[in-house]
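This report refers to the structure that appears directly beneath it.
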Amino acid sequence: MNQLIIEILGNRFTIQSQDDKEHLESVAEYLRAQIEEVKSNYPTADPVKLMILTSLNIADNLLKLQKSGSGDEVQQITERLIFELDQNLFDN
């Protein structure tokens, strides 16, 4: 089990996964980039609103990928990442 400590919007999270550390870092960097994109449009939004808007954008992208036919693998990866994040958020 690989573990990575990340900081998102001033909060530290410990992420554990079967995936390699480089992949975990890529996921964290993707999330940070998505947050920054939302933040550039809503600079005064509080962290909770930023995360909700970011989550909606990511969900929108996922649904578009699913409709394009490449969604099965994306869905499996997404479900696994959500499960792992849920597990780790409650552990912290």
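The values are calculated or read from the model by the stated rules, or taken from the named source; none is laboratory data. As the structure is a prediction and not an experimental result, all values here were calculated from the model. All Cβ positions, even for glycine, are placed from backbone atoms using ideal geometry, and neighbour counts span all protein chains on display.
List of remarks:
- S55 vs. criteria surrounded by 11 or more Cβ atoms within 10 Å (Cβ to Cβ), part of a helix (DSSP H, G or I) and either under 11 Å from the mean Cα position of the chain (by Cα) or at pLDDT 90 or above (or both): yes
- Some residue of the stretch 15-22 being farther than 15 Å from E84 by Cα and in contact (Cβ under 8 Å) with a residue 12 or more places away in the chain: no
- So I5, is it surrounded by 10 or more Cβ atoms within 10 Å (Cβ to Cβ), aliphatic (A, V, I, L, M), within 15 Å of the chain's Cα centre (by Cα) and modelled with pLDDT of 90 or more: yes
- Residues in the stretch 37-52 that are touching a residue at least 24 places away in the same chain (Cβ under 8 Å) and exposed (fewer than 14 other Cβ atoms within 10 Å of the Cβ): P47 only.
- Within the stretch 13-36, the only residue that satisfies the criterion of being loosely packed, with under 15 Cβ neighbours inside 10 Å and aromatic (F, W, Y) is Y30.
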